[in-house]
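Student: Dropping the structure in here first, questions after.
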Amino acid sequence: MRGDPKHKSEMVSMLLFGDVFTVVESLDHWHLIKSRHDRYEGWIYSRLLHLVDEDFLQKYDSEKPVYSGEILSTAQNGDKSYYMSFGSRLPLFDGTHLYLGDEKVEYSRETISPIGKTDSAELLKTAKKYLQTPYLWGGRSLLGIDCSGFTQMVFALNGLELPRDASQQAEKGESVESLKTARSGDLAFFSESGHTMTHVGILTGDGHIIHASDQVRIDKIDDNGIFSGEIKSYTLKPSMIKRYF
């Protein structure tokens, strides 16, 4: 998803296989779209467009999401192959097939089905699957991810929906007084200006934070901020902590 209708424009977010969106506006071969899972807007090129009907959308919205659980997997429909990364949604998955509109596609690889109460240990286990993923502005996959894309994906794979940007995520959840009262799975937010939150990471509950900064990594954190082992100094100091489960 790009900020403007041209290939050289900045990437603002990323659609994964199985993500559904609404076309808001069209311009030549470009479409301004709004993603269904987080209402985020951006431009995509026409070859990424696959139309579905209202019946499909109703089923998609009412089902419990199932996601691809492998680093990279394929789904087959005759001679046609679909490639999907870890965390891609499998629309209307019935245990053996997923559906793209009227198209029935066989899928027999590992899946993730978030069911029941969110567990902090499972959430951190999911987060660690992204370790060493390179930082990519607008990214949401193992090929590249940004800080809020990372938290959004980890929470989604554990049954919790978050908005796209750090500033939007900071508006949700229950406020936590300090790092001393924080728990594993809480989100710490950071602001360079003192106002808008520009960075976010997942607290592990043992004095560390897992976050996307250059790459997805685990760093120490205390009241002085995130301590970088590479440069041997503190970087960002947390501005707020939020709890979502």
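Student: Output the strands (runs of 3 or more DSSP E) that fall wholly within the range 1-109 and possess 3 or more residues being under 23 Å from LEU157 (Cβ atoms) and either in contact with a helix residue (DSSP H, G or I) (Cβ under 7 Å, 6 or more places away or on another chain) or open to solvent by less than 50 Å² (accessible area, probe 1.4 Å) (or both), or say none.
Tutor: Hits in the range 1-109: 72-77, 80-85, 97-100.
Student: Could you check the range 135-245 for strands (runs of 3 or more DSSP E) lying wholly inside it with 2 or more residues that are β-branched (Val, Ile, Thr) and either open to solvent by less than 50 Å² (accessible area, probe 1.4 Å) or without any contact (Cβ under 8 Å) to a residue 40 or more places away in the chain (or both)?
Tutor: In the range 135-245, 199-203, 208-213, 215-222 are the strands (runs of 3 or more DSSP E) which contain 2 or more residues that are β-branched (Val, Ile, Thr) and either open to solvent by less than 50 Å² (accessible area, probe 1.4 Å) or without any contact (Cβ under 8 Å) to a residue 40 or more places away in the chain (or both).
Student: If you take the residues of the range 119-134 that are among the polar types (S, T, N, Q) and part of a helix (DSSP H, G or I), which of them is least open to solvent (accessible area, probe 1.4 Å)?
Tutor: In this case the residue turns out to be THR126.
Student: When the range 111-136 is examined, which residues are found to be at pLDDT 95 or above and of a type in the set (Lys, Arg)?
Tutor: Matches in the range 111-136: LYS125, LYS128, LYS129.
The values are calculated or read from the model by the stated rules, or taken from the named source; none is laboratory data. Worth saying up front: this structure is predicted, and the values here are computed from it rather than measured. We place every Cβ from the backbone using ideal geometry, glycine too, and count neighbours over all the protein chains shown. Surface areas here come from the heavy atoms of the whole protein model, side chains and all, with no ligands, DNA or RNA. Shrake-Rupley method; radii C 1.70, N 1.55, O 1.52, S 1.80 Å.
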